[in-house]
Each structure stands twice: as C-alpha cells, then as structure tokens.
Amino acid sequence: MKRYSDEEILDMMQNMPLRELGKMANKRKAELHPNKITSFIVDRNINYTNICWVDCKFCAFKRRLGEDGEYILSFEEIDSKIEELLAIGGTQILFQGGVHPKLKIDYYENLVSHIANKYPTITIHGFSAIEINFIAKISKLSIKEVLVRLQKAGLASIPGAGAEILSDSVRDLIAPKKLSSDEWIEVHAQAHKISMKSTATMMFGSLENNLDIVEHWRRIRDLQDETGGFRAFILWSFQPNNTPLKEQYPHIQKASSNRYLRLLACSRLYLDNIKNIQSSWVTQGSHIGQLALLFGANDLGSTMMEENVVSSAGACNSMNQDEMITLIKDINEIPAKRNTAYEILETFA
Ligand code: SF4
C-alpha cells in the first residue's frame, strides 16, 4: 500500500479532479472493507453540562457559569436519557460537556461509576481531551491518573472532539484558551498507553489553510503509527451560525460539499493506518452523508437521538435507523449496526 507524503497529499488536495480523488478513496476503502458493509451505531449524545470557561470562538453551545441558559444535568435526568436510548436498542453514550470551572475528579468518578453500574450494557464513550486536561489540572493529578481513575470507574473510550485543527497558529485564533496541539496529542497518547481506545476528529472551514490541514493529518497518522489506538477518523465542517468567530470574521461561509468530499477522500488516502472513517451527515445532511460513502467513508456514525452542539450553530439534520438503512442499501452496500469497538452486531441484508 502506498504511503502518501505531505507534499503529495497537498498536491492532490489542491489539484486532483474530485471524481478521481473519490475513485481512489473508494478503491482504498474497498481494500480495507471488502465485505461491502457500511456500519452505524445507535447511540445518544449526552451533554451533561453546557457550562464552560474555554470560550472557543466557533462555539454556540457553551454558557458561562451563572449565565442564562446554563445547565448541569442531574443523575436522574441522565438516567432517563439512557433509558430512552435502551428502549430503541442503543449501545453507547457519547458523553461530553463544556469544561466546567469547578468540577473535580470525584464528581466525574461518581458520575461514570453511577452510569456504569446502573447500565452495564451501555458503553461510555466520553470526555474530550480538553475535559480530561482540565480535570487533571483542577484536581492536581496527572493526565494518566485521571484516565486510569475514570477507566476504573467505567469509562471505555474517549472521543476525538476538541482537536479542531492540530496547528497552533490556527488554535491561537479560534480557541486561544483551549489546549495546544501537543496537549491534545498527549491526552490521546496516554489513553492509548492504558489500552483505552479513542477516535480522532478534524473540524475544518474556519481560519486554517491547506498546510494546516496536512499538519493535522500528519500528527494523527504519526500517533497512530506509534500506538494504533485510534478506532476512527471523523471530519466535519465548521458551522458558523451564532458563533463569535462568524461575528469577528463575517467572510467565513459554511464549507461547500465539494470541499468536504475532497478532504474526506484525502483523509482516507493519507490516513492509511486508520481503518474506519465516518461520514458526517450531521453537518453535511443525509444526501452528502450518503455520497461520502463513495468518497472513502465506511461508517455513517450515529443515529444521533440527541445533538446539542452543532445544532446550536444551525446544523439541524436528523436521521433514524430506517433512514440510514435505506441510504446504505441505495448505494448497494450492506447496512450493519455496530458497537463502539466497530464490531458488527446485526446486519440488514
Ligand atoms: S467547544 Fe467545548 S471547550 Fe470550546 S467553548 Fe464550546 S463547550 Fe467549551
């Protein structure tokens, strides 16, 4: 299998016709997934709090402590969301919040062990790198200690959220208080060292250029070479509505479908050591989400029973399991429900 250099992928990203890129990415996907299965997961996002001190300029979700509209879910509210998920056959919660300025490790340990003990069939995929990083700081623990304690409480894996673009010149502009690229990598590296898997993400379409995107891919590919701990890569486009970044830079527009498919295909080709690439139908809509399956994606992500973050910024797409199955069958692939570890639970031939 060919490994593309930074220069090669940059050239392909900028100059190769989209159809040709798509064909190459689809061929690569077929080599890795010869059984023509496209998977999805039935899960639910639970954003346990929207209170956050980090002030990312692309975020329309967060509230300051004490601000109108702030919330922190009670254990009972979380339980009832999980019970609704169980009722539709769900297996995973994507559990993330804002970065609360006061909550320490004990709160998170209690929360995770409460869920893990009460709902043993639910996999807790939760806490992005910035949350882990801040829990460590406020609790005066190392990143590793936080991860080990949460793992012991029942945390299974961590999502890739908060990577945005792993280039500090961009991060300084769009999220100056957020953790640096090295710190994001460090959290994931530490998780992989204790056999906790994670996913990697990229949010494009804010202030980055093509070189920043290649730098991002390189950081992810390098860590995957070292640890093999990323289960999947997911890219989505910045949703500008209601965000301070859009106010500051009014010229920023939502990225085109062409740009999304081009970057998706390049991700599949450059990230040769990551088996699963998700389509982001939540930000792109169901039809581009379907087309993404012909540009290298092999997974439709989540049926998304609840989504609060990108919907705050204007992306209000929704899809249930039946709609997903239809979209996948339409392109002559076999729909399959999977778990967090990408193991197939059920196919719908
Ligand atoms: S993106 Fe996350 S860390 Fe940044 S302000 Fe929003 S909730 Fe906070």
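The values are calculated or read from the model by the stated rules, or taken from the named source; none is laboratory data. The structure displayed is predicted, hence computed values, not measured ones. Cβ sites come from the backbone with ideal geometry, for glycine too, and all protein chains shown count toward neighbours. Heads up: the accessible areas ignore ligands, DNA and RNA and are worked out on the full protein's heavy atoms, side chains in. Shrake-Rupley method; radii C 1.70, N 1.55, O 1.52, S 1.80 Å.
Worth pointing out:
- Residue-averaged 222 nm ellipticity for the chain, from DSSP H runs of 4+ at -39500 (n - 2.57), nearest 500: -13000 deg cm²/dmol
- Per residue solvent-accessible surface (Å²) - the chain, probe of 1.4 Å: 41
- Label point distance in nm, Arg63-Gln248, each placed 7 Å from Cα along Cα→Cβ: 2.4
- Dipole moment magnitude, nearest 20 debye, the range 6-342 about Cα centre, only Lys, Arg, Asp, Glu C-beta charged: 380
- Fraction of the pair-distance distribution of the chain above 25 Å, Cα-Cα pairs, percent: 51
- Summed side-chain charge close to Phe238 - residues other than Phe238 whose Cβ falls under 15 Å, Lys, Arg +1, Asp, Glu -1: +2
- Database remark: amide H of Ile46 closer than 5 angstrom to the amide H of Leu94, Phe95, Gln96 (H placed geometrically; neighbours at sequence offset of 5 or more, or on other chains; Pro and chain starts carry no H).
- Heavy-atom surface analysis with a 1.4 Å probe gives the chain a carbon and sulfur content of 50 percent of its accessible area.
- Working from Cα pairs under 8 Å separated by at least six residues, relative contact order for the chain is 25 percent.
- Once the chain from Glu76 to Lys23 is taken as fully extended at 0.36 nm per residue, the excess over their C-alpha distance is 14.2 nm.
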